[in-house]
1. Out of segment 45-67, which residues are more than 18 Å from E8 (Cα to Cα) and touching a residue at least 12 places away in the same chain (Cβ under 8 Å)?
2. Going through I108, I121, I205, I193 one at a time, which residue ends up being among the aliphatic types (A, V, I, L, M), modelled with pLDDT under 80, more than 23 Å from R87 (Cα to Cα) and part of a helix (DSSP H, G or I)?
3. Evaluate segment 223-242: report whether one residue or more is closer than 23 Å to D145 by Cα and outside any helix (DSSP H, G or I).
4. Taking only segment 36-58 into account, find how many residues are exposed (fewer than 15 other Cβ atoms within 10 Å of the Cβ) and assigned to a helix (DSSP H, G or I).
5. I'd like the full set of residues that are out of contact with any Asp or Glu (no Cβ under 9 Å at 6 or more places or on another chain) and either at pLDDT below 80 or among the aliphatic types (A, V, I, L, M) (or both), limited to segment 91-105.
6. Tally up the residues in segment 5-18 that are assigned to a loop (DSSP other than H, G, I, E, B) and surrounded by 19 or more Cβ atoms within 10 Å (Cβ to Cβ), please.
7. For R88, indicate whether it is surrounded by 13 or more Cβ atoms within 10 Å (Cβ to Cβ), of a type in the set (K, R) and under 25 Å from I160 (Cβ atoms).
8. In segment 19-35, which residues are touching a residue at least 40 places away in the same chain (Cβ under 8 Å), among the aliphatic types (A, V, I, L, M) and either surrounded by fewer than 19 Cβ atoms within 10 Å (Cβ to Cβ) or touching a Leu at 6+ places or on another chain (Cβ under 6 Å) (or both)?
Amino acid sequence: MQKIRNVEQILPAVRSLLAKELIQSHNVTKADASKILGISPAAVTQYTTNKRGSYADELGKNREVRPIIASLAEHFSNKKKKEGEMRRNMTIIETSENILAIINNQGIKDKEKKMDPNTRILQNRVEAELREARTSLNMANKIEDGFGKLLFKGLASDSIRHAEIVSQVIRDQETVGSFKLDKQLKRYLKQMIQEEENASEQLMIKLVKTKHPAVHALLQSIDQDEMKHKKMLRSFSKYLEA
């Protein structure tokens with residue numbers, strides 16, 4: 001497969017696979033599929049006849065991608081789930097990002113025989129993070145509660161981000177020990193640190209009172225993220241001044 005560099009390249013293939021799965025496995029009409037995917041009926045026809053969505057055939061043969069497409073199609077075909085078009089489009093984009101990370105990781109796995117022990121440990125961590133992301137995404141697709149969906153999508157996004165960071169370390173090990181300073185970086189950092197300071201002063205967990213466990217966990221995660229962002233930026237800033 002030609003190297004896929006961004007989500008825009010893989011998105012048509014994901015839509016193509018979803019359209020085929022909805023129509024062939026769930027007996028969804030082309031008209032309904034167009035509403036579910038937020039595209040025209042003509043586009044559905046093009047996707048299902050392989051006139052659009054390059055990479056779709058290759059992705060469809062990928063054993064790690066197939067269950068993700070099947071799970072999302074099952075979720076979309078359930079008429080009890082009342083999601084707006086914008087939410088469905090965001091879900092498709094997030095799924096495409098997850099699939100892109102999986103494909104990139106598979107490219108690393110092809111070179112695994114040449115790995116030293118430390119790199120193999122890092123690679124195992126990438127695979128663990130991607131497994132967690134797939135599990136979280138499947139949970140997000142299965143549960144009804146909107147806040148619960150957000151919670152599991154957030155977990156999936158975090159796992160994907162962790163996998164991307166470790167994958168980048170594996171790919172660019174020669175440059176891990178070096179850093180090229182952007183002259184404008186210090187000014188941006190100072191502004192961002194101030195914004196994070198202001199955000200962290202307003203704790204969401206205190207502003208919003210709720211007994212909903214998922215809402216409570218999500219609000220708590222926002223507060224924790226703000227504290228984490230502030231700590232990361234301060235650490236980076238100190239490194240630049242060292």
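The values are calculated or read from the model by the stated rules, or taken from the named source; none is laboratory data. Computed from a prediction, not measured in an experiment: that's the story for all the values here. When we count neighbours, we look across all protein chains shown, and the Cβ atoms used for this are built from the backbone with ideal geometry, even at glycine.
1. Across segment 45-67, the qualifying residues are T45, T48, N62, E64, P67.
2. Result of the check over I108, I121, I205, I193: I108.
3. no
4. 4
5. Those that are out of contact with any Asp or Glu (no Cβ under 9 Å at 6 or more places or on another chain) and either at pLDDT below 80 or among the aliphatic types (A, V, I, L, M) (or both): I92, I93, L100.
6. 0
7. So R88 passes the test.
8. V28
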